[in-house]
1. Return the total of residues in the range 557-585 being assigned to a helix (DSSP H, G or I), at pLDDT below 85 and open to solvent by 70 Å² or more (accessible area, probe 1.4 Å).
2. Out of all the residues in the range 419-441, is one or more over 13 Å from Ala386 (Cβ atoms), outside any strand (DSSP E or B) and touching a Lys or Arg at 6+ places or on another chain (Cβ under 9 Å)?
3. How many residues, within the range 365-413, are closer than 20 Å to Gly433 by Cβ, modelled with pLDDT of 85 or more and of a type in the set (Val, Ile, Thr)?
4. Can you run down the residue pairs with Cβ atoms below 9 Å, 6 or more apart or on separate chains, where the first is in the range 443-465 and free of Cβ contacts under 8 Å to residues at least 12 places away in the same chain and the partner is open to solvent by less than 40 Å² (accessible area, probe 1.4 Å)?
5. Do we find a residue being under 30 Å from Asp124 (Cβ atoms), at pLDDT below 65 and not acidic (Asp, Glu) anywhere in the range 498-512?
6. Working only within the range 537-591, note down all residues that are polar (S, T, N, Q) and in contact with an Asp or Glu (Cβ under 9 Å, 6 or more places away or on another chain).
7. Condition test on Ala114, is it at pLDDT 95 or above and either crowded, with 23+ Cβ neighbours inside 10 Å or more than 20 Å from Gly312 (Cβ to Cβ) (or both)?
Amino acid sequence: MGKTIGIDLGTTNSCMSVVENGRPIIIPNDKGERTTPSVVAFTKDGERLVGVSAARQAAVNSDRTVTSVKRQMGTNWSINIDGKKFSAQEISAMILRKLRMDAEAYLGEPVTDAVITVPAYFNDIQRQATKDAGKIAGFNVKRIINEPTSAALAYGLDNGSAQKIMVYDLGGGTFDVSIIEIGDGVIEVLATNGDNHLGGDDFDERIMKYVLEDIKKRFGADISKNMTAIQRLKEAAEQAKKELSSAAMTSINLPYLAEARGQMIHYDTTLSRAKFEELVYDLIERTAVPVQNALDDAGIAPSELGKVLLVGGSTRIPAVQDKVRMMTGIIPSKNINPDECVAQGAAIQGDTLSGGKMELAGTTGGILLLDVTPLSLSIETVGGVATRLVERNSTLPIHYSQVFSTVAPFQSSVDIHVLQGERPMAADNKTIGKFRLNGIKRAPAGVPQIEVTFDIDTNGILTVSARDLDTGKQQSITITANDRMSDAEINAAIHDAEMYASQDQFRRDTFTVLSEAGTLIGKVDNALHNAPKDFDKDEKKRVKTDLDELRKLVTKLKPEKMTDTDLNDVRSAMKRLEESSENIRTVSGIG
């Protein structure tokens, strides 16, 4: 059985881990880096770039570069590139496919099984979208688990004594807080809360807005529509934020930022930590309500917490750490890596699901993970009311049935509107699905007995079934949720991804062969120059003929436009030159 890797699919950066010799280790990408930018770009010659290479060219190709796609998961967002639409799932799948290729290169074996993490506050559609992205990327997604829960797994590996902990997870695009109890080899989530649109991106945005206003004052120019300048500014804002985590002051220096009113804007300013904290004060304050909600739902006071874990890169901000200390009265722990612990926890869960024998420190008998559903599930009833069936923070998996009836006489079908959220009215919650049950036995209103069953699996993903108790027959339900991908759409995306992977491999092959051809040409040129004067003239002439043929091919062909035939022609010409030049390279001392 192959290894199951853990993937933290982040808003700004992603990370991979695998269990080796009983410990989770980080899998580096092809550049040797421990995290990979969650960035996808499309070049004008049709190449797709993912990760470091995509991030590096973002400033000069901003309209064809996608960042922070995680925030679009479970929505109908798409980007149109050269007449083809790509959904959030497909863009995420490109990131996941890149991670899979890097993992296979590092481990030296095929990788198909994965545990992928999501924000604890992701709803059903967002979780399903993440699972779909994994499927498109070629993964068998064994489990979707919550990021704070995953971090607690990584922490519990070395800290298995009975305790209640808070995981405060502020990443690039999302915020989660979970109250988790550890004891006797069990990690049980007591409550979770959060905000899917709060993270490091928002902190960067505040710095960007501050700089744009400063540029308007100093230069009288609005450069907010200049995408290249905005991308450079975004990168500078992120860097300034990071530097202010360890320094009291930082410089933002952007020469040749943009041209306005006939003058070139060379921007330079100093940003203090105090000013930065003023700019983001309300964002940090927004984390207080989810923290209090999670504590209330868990039924505990901050004083009952044994530890507060900081997860996510944005928790490096000193003001964030101060806020956590103020809310809990506890100095937050820094003994886990905030960028890597989520992926490590996912790897631990993957190892457990694959039959591994890992244990929490000080315990025996393996690891049991008990997670919760983050949001309540309801159905719309008369008057547009959201009638709650499953309360938030219910332990997974969940199997719940309730009997409903008709509101009009002699109905032969009934529409059931399933919702996710905490608001009392249906219109204020998120639609998960609309189900139509057909073939109900005609009867006066209130007589038919329709049992609707909600099943939430260990991934937090919901399925719904229904049956008419009068006949005892299971009835079919058509689930319609516009934000989900259909099986046909998923299969089409898989086909597209595999086709692109094949094209990508061919592109790599062309660059490799052309590079090898260039090296061979150089060697033969050198050999001809250094050949003894008495070397056979006919053989020398044959070498020159083969050399000229290969040189013409390499000069004429463009890598991005090469076909299989072109590639085979180059390989054949290389083979002829290697054979004809073997003697002259030997006598010239050139391999």
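The values are calculated or read from the model by the stated rules, or taken from the named source; none is laboratory data. None of the values given here were measured: they were computed from a predicted structure. Methodologically, a virtual Cβ is constructed for each residue, glycine included, from the backbone with ideal geometry; neighbour enumeration extends over all protein chains shown. Side chains included, ligands, DNA and RNA excluded: accessible areas come from the protein's heavy atoms. Shrake-Rupley method; radii C 1.70, N 1.55, O 1.52, S 1.80 Å.
1. Number of matching residues: 3.
2. Yes, the range 419-441 has at least one match.
3. Of the residues in that region, 6 qualify.
4. Thr463/Thr453; Thr463/Phe454; Thr463/Ile456
5. Checked the range 498-512: no residue is under 30 Å from Asp124 (Cβ atoms), at pLDDT below 65 and not acidic (Asp, Glu).
6. Taking the range 537-591 first, the residues polar (S, T, N, Q) are 545, 555, 563, 565, 568, 572, 580-581, 583, 586, 588.
Passing the criteria: Ser580, Ser581, Asn583.
7. Considered against the rule, which asks whether it is at pLDDT 95 or above and either crowded, with 23+ Cβ neighbours inside 10 Å or more than 20 Å from Gly312 (Cβ to Cβ) (or both), Ala114 comes out as yes.
Here's the yes/no breakdown for (1) modelled with pLDDT under 95; (2) not in a helix (DSSP H, G or I):
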| site | (1), (2) |
| --- | --- |
| Gln231 | yes, no |
| Ala247 | no, yes |
| Ser251 | no, yes |
| Leu257 | yes, yes |
| Met264 | yes, yes |
| Ala274 | no, no |
| Leu283 | no, no |
| Gln321 | no, no |
| Asn337 | yes, yes |
